[in-house]
Amino acid sequence: MERKLKCIGVLTSGGDAPGMNAAIRAVTRAAIYNGVEVKGIYRGYKGLISNEIVPFKTQNVSNIIQQGGTILKTARSQEFQTEEGRKTAYETIVREKIDALIVIGGDGTLTGARIFSEEYNFPVAGLPGTIDNDLYGTDTTLGYDTALNTIMQAVDKIRDTATSHERLFFIEVMGRNAGFLALDGAIASGAEAAIIPEIATEVDQLEELIKNGFRKSKNSSIVLVAESEITGGAIGLASRVQKEYPQYDVRVTILGHIQRGGSPTANDRILASRMGAAAVDALLDGQRNVMTGIQNDEIVLVPFSKAIKNDKPINRNLLETLRILSI
Ligand code: F6P
């Protein structure tokens, strides 16, 4: 007979994302509200292996909804990728009397959760916490909106100097192998173009850009580039332009980890709060191996297998919108 759900362990893993703290708060408070104990697991799966676990009361999550980063710390655990590591993690779980886990993180985190839950027949629910927005089955991920706003504000500033000097700027944004931040960031900041991995094999995006004369009515241009070997990155593209089109005065800015920090936006806080409460509900309902997602403003449960395996497509209409608006 299955043990009644008495204690949930919560952890954050992989790259941090604004809104993770709001999610930890929501999980903790929703569980306690439902009479379930909560244990905070530090440093992701690493802390599960090395037993860095602390009982959480409602006060442990006071005053964190507005904070970026994660109070639970985060890590990418190589050890959890081994059978031996997962066995040690399971032993910790049994010793700590944890009946279910809620993991908050991206692709790697949910992949680990899926393997672990199948190996030990253990209930796990996940929240999509990543600025990359690359998880299938959810319109958006926790931290994406905040990162997008950070990008927009940074590009606004770069535009001032780009305009004064009449330069062409390649601004590289994160996203691992996905172009969501670059594409939405370009539209939000009024950039001329986004160079993204999703269409890199279909068309030479730089060539197109040059052929179209960048922005015809202005002397400066801003192009957002998704980090990725497939796009060549901002440095790769800039050196290509310098070689092939020396008439342009080119500069590069790599926004880097600034995109992962900062106080979460209202949207991210609300999303984290809804998803955290929904993950607790899902476990109480006997669901397992599911990620909370949001589709058309409704919370949905997406099997881990779907969220991880399928590539989330970009909205191609946005490319067209960007092209039209950059004349
Ligand atoms: O997955 C989130 C992310 O910020 C990616 O966009 C980026 O490629 C990666 O993490 C950077 O990882 P790290 O913090 O290990 O440099």
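Of all the listed residues (R260, R288), the sole one being touching a Gly at 6+ places or on another chain (Cβ under 8 Å) and among the basic types (K, R) is R260. Among the conditions (1) under 15 Å from T140 (Cβ atoms); (2) surrounded by fewer than 16 Cβ atoms within 10 Å (Cβ to Cβ), the only one that D249 does not satisfy is (1).
Is it the case that some residue within the stretch 257-272 is assigned to a helix (DSSP H, G or I), open to solvent by less than 40 Å² (accessible area, probe 1.4 Å) and closer than 20 Å to V38 by Cα? Within the stretch 257-272 (the criterion being assigned to a helix (DSSP H, G or I), open to solvent by less than 40 Å² (accessible area, probe 1.4 Å) and closer than 20 Å to V38 by Cα), the answer is yes, since at least one residue qualifies. Selection within the stretch 51-69: residues that are open to solvent by 20 Å² or more (accessible area, probe 1.4 Å) and in contact with an Asp or Glu (Cβ under 9 Å, 6 or more places away or on another chain). The member of this set that is farthest from the ligand (Cβ to nearest atom) is P55.
Taking the stated definitions as given, is I41 surrounded by fewer than 24 Cβ atoms within 10 Å (Cβ to Cβ), at pLDDT 95 or above, away from the ligand (no atom under 16 Å from the Cβ) and of a type in the set (A, V, I, L, M)?
Values: surrounded by fewer than 24 Cβ atoms within 10 Å (Cβ to Cβ): no; at pLDDT 95 or above: yes; away from the ligand (no atom under 16 Å from the Cβ): yes; of a type in the set (A, V, I, L, M): yes.
The answer is no for I41.
Quick check: is even one residue across the stretch 105-117 more than 16 Å from the ligand (Cβ to nearest atom), outside the structural domain of G256 (by TED's automatic domain parsing), surrounded by fewer than 24 Cβ atoms within 10 Å (Cβ to Cβ) and assigned to a loop (DSSP other than H, G, I, E, B)? No; the residues of the stretch 105-117 include none that is more than 16 Å from the ligand (Cβ to nearest atom), outside the structural domain of G256 (by TED's automatic domain parsing), surrounded by fewer than 24 Cβ atoms within 10 Å (Cβ to Cβ) and assigned to a loop (DSSP other than H, G, I, E, B). Residue count for the stretch 5-22, restricted to those that are within 24 Å of the chain's Cα centre (by Cα) and away from the ligand (no atom under 16 Å from the Cβ): 6. Just one of (1) touching a Ser or Thr at 6+ places or on another chain (Cβ under 9 Å); (2) surrounded by fewer than 24 Cβ atoms within 10 Å (Cβ to Cβ); (3) at pLDDT 95 or above fails for E172. It is (2).
It is to be established whether one or more residues within the stretch 81-96 are among the small types (G, A, S), at pLDDT 95 or above and within 16 Å of the ligand (Cβ to nearest atom). Talk me through it step by step, then tell me what you get.
In the first step, residues of the stretch 81-96 are kept if they are among the small types (G, A, S); the result is 85, 89.
Going one step further and asking which of them are at pLDDT 95 or above, we end up with 85, 89.
Adding the requirement that they be within 16 Å of the ligand (Cβ to nearest atom) leaves none.
No, the stretch 81-96 contains no residue that is among the small types (G, A, S), at pLDDT 95 or above and within 16 Å of the ligand (Cβ to nearest atom).
Scanning the stretch 152-170 for any residue that is under 30 Å from L110 (Cα atoms) and outside the structural domain of I299 (by TED's automatic domain parsing) turns up at least one such residue. Of all the numbered requirements in (1) buried (at least 22 other Cβ atoms within 10 Å of the Cβ); (2) within 16 Å of the chain's Cα centre (by Cα); (3) of a type in the set (V, I, T), T231 misses one, and that requirement is (2).
Do we have R86 as of a type outside the set (S, T, N, Q), under 19 Å from P123 (Cβ atoms) and open to solvent by 10 Å² or more (accessible area, probe 1.4 Å) here?
Details: of a type outside the set (S, T, N, Q): yes; under 19 Å from P123 (Cβ atoms): yes; open to solvent by 10 Å² or more (accessible area, probe 1.4 Å): yes.
Against the criterion (of a type outside the set (S, T, N, Q), under 19 Å from P123 (Cβ atoms) and open to solvent by 10 Å² or more (accessible area, probe 1.4 Å)), R86 qualifies.
A search for C-beta distances below 9 Å between a residue of the stretch 4-29 that is open to solvent by 10 Å² or more (accessible area, probe 1.4 Å) and modelled with pLDDT under 95 and any residue that is in a loop (DSSP other than H, G, I, E, B) and more than 16 Å from the ligand (Cβ to nearest atom), counting only pairs 6+ apart in sequence or on different chains, returns K4/D99.
Here is the figure for the stretch 217-256: residues that are more than 16 Å from the ligand (Cβ to nearest atom) and either of a type in the set (D, E, K, R) or in a loop (DSSP other than H, G, I, E, B) (or both) total 13.
The values are calculated or read from the model by the stated rules, or taken from the named source; none is laboratory data. Keep in mind it's a predicted model, so treat the numbers as computed, not measured. No Cβ is skipped: glycine too gets one built from the backbone with ideal geometry, and neighbour counts run over all protein chains shown. Surface accessibility is based on the protein's heavy atoms, side chains included, excluding ligands, DNA and RNA. Shrake-Rupley method; radii C 1.70, N 1.55, O 1.52, S 1.80 Å.
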